[in-house]
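Enquirer: Supplied in structure tokens, the structure appears directly below.
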Amino acid sequence: MYSYDYDYPEEESQDQSHKTLAIFYSLAFVFSLCSNVLVLIIIYLFERLTTVINLLLLNLVLSSLLFISSLPLTVAYVLLSHWPFGELMCKLMGSLYYLGFFSSVLFLALLTFDRHLAVVYSISAARLRTRAYAGVSCAAVWVVSALACIKPMLVHKLIKRSVEKRILCQEDTSTDMPVLWALGLFTQLLLFFLFPLLLIVFCYTRIACTVLSSQIGTKFKTVRLIFVIVLLFFICWTPFNIATLMHELASSPEERRHWASACTVTQTLAHIYFCISPIFYTFVGTKFQNYFCMLLVKRFPVLKGHISVSQSRVNVSTKSTPN
């Protein structure tokens with residue numbers, strides 16, 4: 001989160017860029033917090049934590065909330081261009097950020113794999129998809145993500161810039177731990193990028209083939225949605241990993257500054273996907289749409305004449321449209 005500190009050619013350009021980043025992080029925090037809390041409310045009010053999908057969704061929401069927990073301090077850090085919260089908070093916020101980041105990626109892959117089992121092997125997988133299976137899978141994701149955070153926790157330090165008289169919270173690239181750096185880089189690229197990307201593409205390809213060969217009436221809409229989810233994951237997550245790799249392989253200070261700038265931009269793009277991912281995995285389904293409408297009608301009775309809710313489907317109507 002705090003790994004890329006680069007110099008802008010002009011102070012005015014730097015200030016404007018920092019303000020833009022602060023606005024984006026603030027909006028991302030508010031939107032993600034509201035959407036994830038809404039998912040939690042719907043699961044609590046209308047669902048039971050007895051199904052695999054709900055347990056996985058709950059953990060995805062928790063990892064997303066963990067991921068955005070560092071954003072308020074990040075906003076202050078970006079605006080001040082200085083870290084005033086001490087080294088302990090620097091290490092803690094960096095670790096929480098990466099823990100939420102890494103676990104979100106793995107939970108997305110796990111949810112995709114579970115959907116693959118439920119659709120492609122709907123009958124034979126019923127015995128496997130139990131609460132014990134979900135519990136063990138979620139525990140494994142948290143353990144792997146926590147182990148991957150050891151490197152960020154060790155290398156996140158306060159770096160004093162005597163010339164500018166400011167303190168930065170970022171990864172110390174001068175530390176004499178080349179093995180740790182290489183392990184951290186390849187862990188991110190292999191375990192948290194290539195593995196989930198290939199798994200998601202494979203699983204959704206199998207799901208799309210199964211849906212197209214079935215008699216489902218909305219199969220083309222389903223396949224289109226699958227394509228959008230995979231495409232967004234690829235667009236939002238790939239540039240950041242490429243920029244990170246190029247930044248680590250850069251041989252000159254000029255190249256490192258160039259790729260550090262690219263890392264900041266692409267990291268911001270990656271934030272978009274992981275902030276909205278719980279929405280994709282909940283409200284794309286009719287059931288959660290129905291729950292949301294029920295919640296709206298209960299909270300705002302005046303909408304009852306415009307939103308009709310049933311247990312099987314949701315029909316939204318207005319005075320100007322027949323449906």
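Values quoted throughout were computed directly from the atomic coordinates according to the rules given, and no laboratory measurement underlies them. Please read these numbers as outputs of a predicted model, since none were measured by experiment. Note that we place each Cβ from the backbone using ideal geometry, even for glycine, and neighbour counts take in every protein chain shown.
Enquirer: With charges set only on the Cβ (+1 for Lys and Arg, -1 for Asp and Glu), what does the dipole of region 11-213 come to about its Cα centre, in debye to the nearest 20?
Expert: 560
Enquirer: Assuming R0 = 45 Å, can you tell me the calculated FRET efficiency for the pair V201 and L80, based on Cβ-Cβ distance, to the nearest 0.05?
Expert: 0.65
Enquirer: Same structure, new question: Pull out the extension gain between L212 and L40, defined as 0.36 nm times the separation in residues minus the alpha carbon to alpha carbon distance; nm, one decimal.
Expert: 58.7 nm
Enquirer: With θ taken as phi - 60° and the coefficients 6.51, -1.76 and 1.60, list the Karplus ³J(HN,Hα) couplings across region 62-74 in order, rounded to whole Hz; mark glycine and proline as x.
Expert: 5, 5, 5, 5, 5, 4, 8, 5, 8, 5, x, 5, 5
Enquirer: A further question follows. What spacing in nm lies between the two simple spin-label points modelled at M246 and F24, each 7 Å away from Cα in the Cβ direction?
Expert: Reported label-point gap for M246 and F24 is 1.6 nm.
Enquirer: Another one. Taking the Cα centre of region 11-213 as the origin and placing charges on Cβ (Lys, Arg +1; Asp, Glu -1), which of A76, P152, I43 is farthest toward the positive end of the dipole?
Expert: I43
Enquirer: Provide the per-residue ³J(HN,Hα) series for region 111-123, in order, calculated from phi with Karplus coefficients 6.51, -1.76, 1.60 and θ = phi - 60°, each as a whole number of Hz, with x at glycine and proline positions.
Expert: Couplings: 4, 5, 5, 5, 5, 4, 5, 5, 8, 7, 10, 4, 8 Hz.
Enquirer: Across every pair of different alpha-carbon atoms, what Kirkwood hydrodynamic radius in Å does region 60-140 reach?
Expert: Hydrodynamic radius (Kirkwood, Cα only) of region 60-140 equals 14.9 Å.
Enquirer: Hey, another quick one. Determine ³J(HN,Hα), in whole Hz, for all residues of region 41-57 in sequence, where each value follows from phi through the Karplus function 6.51 cos²θ - 1.76 cosθ + 1.60 and θ = phi - 60°; x replaces Gly and Pro.
Expert: 5, 5, 4, 5, 7, 10, 10, 10, 7, 10, 10, 4, 4, 5, 5, 5, 4
Enquirer: Please count, across region 11-213, the pairs of lysine residues with Cα atoms under 23 Å apart that sit 8 or more places apart or on different chains.
Expert: Pairs that pass both the separation and distance tests number 8.
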